[in-house]
1. Taking the 0 to 90 degree range and rounding to the nearest ten, how far is the long axis of helix 76-87 tilted relative to the main principal axis of the chain, both from C-alpha atoms?
2. With runs of 4+ DSSP H residues as the only contributors, calculate the mean residue ellipticity of the chain at 222 nm using -39,500 (n - 2.57) per run, divided by the residue total and rounded to the nearest 500.
3. How large is Rg/Rh for the range 94-236, to two decimals, with Cα atoms and a Kirkwood Rh?
4. Let me know the shape class of the chain, please: from the alpha-carbon gyration tensor, a ≥ b ≥ c as square roots of the eigenvalues, rounded when a/c is under 1.5, otherwise prolate if a/b is greater than b/c, or oblate.
5. With the cut-off at 1.5 for a/c, could you classify the range 156-268 from its C-alpha gyration tensor as rounded, prolate or oblate?
6. Have a look at Gly43, Gly73, Gly110 and tell me which one the Gaussian network model of the chain (Cα, springs below 10 Å) gives the largest fluctuation.
7. Once label points are set 7 Å from the Cα along Cα→Cβ at both Arg135 and Ala35, what is their separation, rounded to one decimal in nm?
8. So how tilted is helix 296-305 from the main axis of the chain? Cα-based, degrees 0 to 90, rounded to 10.
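The values are calculated or read from the model by the stated rules, or taken from the named source; none is laboratory data. What you see is a predicted model; the values in this text were computed from it and never measured. Here the Cβ is made from the backbone with ideal geometry for all residues, glycine too, and neighbour counts use every protein chain on show. Remember, those area values only see protein heavy atoms, side chains included, never the ligands or the DNA or RNA. Shrake-Rupley method; radii C 1.70, N 1.55, O 1.52, S 1.80 Å.
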Amino acid sequence: MIDIQSLVRKNIRDLKPYSSARDEFQGKASVFIDANENPYETGYNRYPDPLQRELKQKIAEIKSVEPTQIFLGNGSDEAIDLLIRAFCEPGLDNILYPEPTYGMYKVSAGINGTEVVTVDLNEDFDLEASVLFERVNHLTKIIFLCSPNNPSGNTLDEIEILDILRKFRGIVVVDEAYIDFCSSNGFAQYIDQFNNLIILQTFSKAWGLAGIRLGMAFANTEIINVLNRIKPPYNINALTQQEALKSLENSAQKDKWVEEILAERERLEKALKDINVVKRVHPSDANFLLTVFEDAKGTYDYLVDKEIVVRDRSNVKLCDQCLRISVGTPEENDLLLGALSKMK
Ligand SMILES: *Cc1c(COP(=O)(O)O)cnc(C)c1O
């Protein structure tokens with residue numbers, strides 16, 4: 001077991017968190033005149049539950065974790081930011097991640113004045129723990145691993161991730177934003193075994209709720225408590241909590257979308273490979289295809305002209321001439337394929 005408290009920044013350890021009205025009284029009462037709210041019923045005149053108990057109960061059932069092992073953020077982006085602020089002393093500590101990957105680790109580190117150390121994935125975008133460990137130093141507090149990885153689309157080798165979990169003495173974050181699209185069970189099952197492990201998942205992708213901003217973190221209760229101490233008191237608003245509860249009641253809809261998106265991914269991948277200007281389509285365990293073109297920038301501009309927007313990743317490490325294409329509806333994918341096949 002790792003001593004989590006010794007990894008937390010000293011000012012955070014010493015912090016006395018804000019105690020909201022809803023933290024100080026949670027029982028049943030008939031008159032609430034403790035929070036300076038408007039007493040007239042609008043549906044939203046009351047502050048929301050700061051710890052989102054009902055929502056966490058439902059998520060716990062679906063994800064097979066305890067409610068106390070869940071943190072909810074205003075998108076997983078909030079969890080990324082809070083983790084760096086909790087564990088990395090600005091101007092001193094560093095975070096480490098393999099590249100190419102999701103851009104927010106770097107941005108959040110930058111905002112916190114935290115140095116970023118990187119290591120390249122290999123040419124198939126695979127992770128090699130031994131290569132990563134060459135870059136770890138005594139100031140490395142967090143390792144971020146994104147699996148399935150954005151923008152490459154592949155899941156990282158589970159044996160390599162486990163190797164990192166067994167050896168690294170800091171915090172390991174496995175970002176599973178795309179877990180619903182891959183066949184792996186993911187790493188939430190390991191949070192009891194490794195108390196330094198944090199899993200990030202989100203309602204933004206498979207659940208179809210990017211607009212409500214809701215991200216999940218799963219970890220042992222000690223880490224969750226650290227995040228709860230430093231989060232804004234009412235970080236998940238009442239509308240978001242309601243929408244998420246509704247969506248969890250109908251998780252069959254999510255499963256149906258995933259099934260359709262996976263079928264379309266397969267069709268799109270095959271069709272792209274037959275198109276002249278496409279050089280390669282990287283295998284994907286997510287809802288997008290990293291695709292190598294003869295001329296990525298030219299193709300991007302050509303598609304924008306046809307009112308089709310893809311993500312240009314050609315300036316990203318190991319992604320020379322690559323566009324990242326999200327799987328759309330069958331009609332949208334047909335429009336893309338039609339446009340590309342007419343390109344000279
Ligand atoms: C889309 C994405 C997220 C989701 O972020 P939210 O803030 O929850 O919308 C997180 N991590 C990765 C790698 C992503 O691609």
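1. Compared with the principal axis, the helix lies near 60 degrees.
2. On the way: 13 runs with 125 residues, N = 344.
That comes out to -10500 deg cm²/dmol.
3. Details: Rg = 14.8 Å, Rh = 15.7 Å.
Ratio of gyration radius to Kirkwood radius for the range 94-236: 0.94.
4. oblate
5. Numbers: a/c = 2.64, a/b = 1.16, b/c = 2.28.
Cα axes put the range 156-268 in the oblate bin.
6. Gly43
7. For the pair Arg135/Ala35, the computed spacing is 4.3 nm.
8. That works out to roughly 80 degrees.
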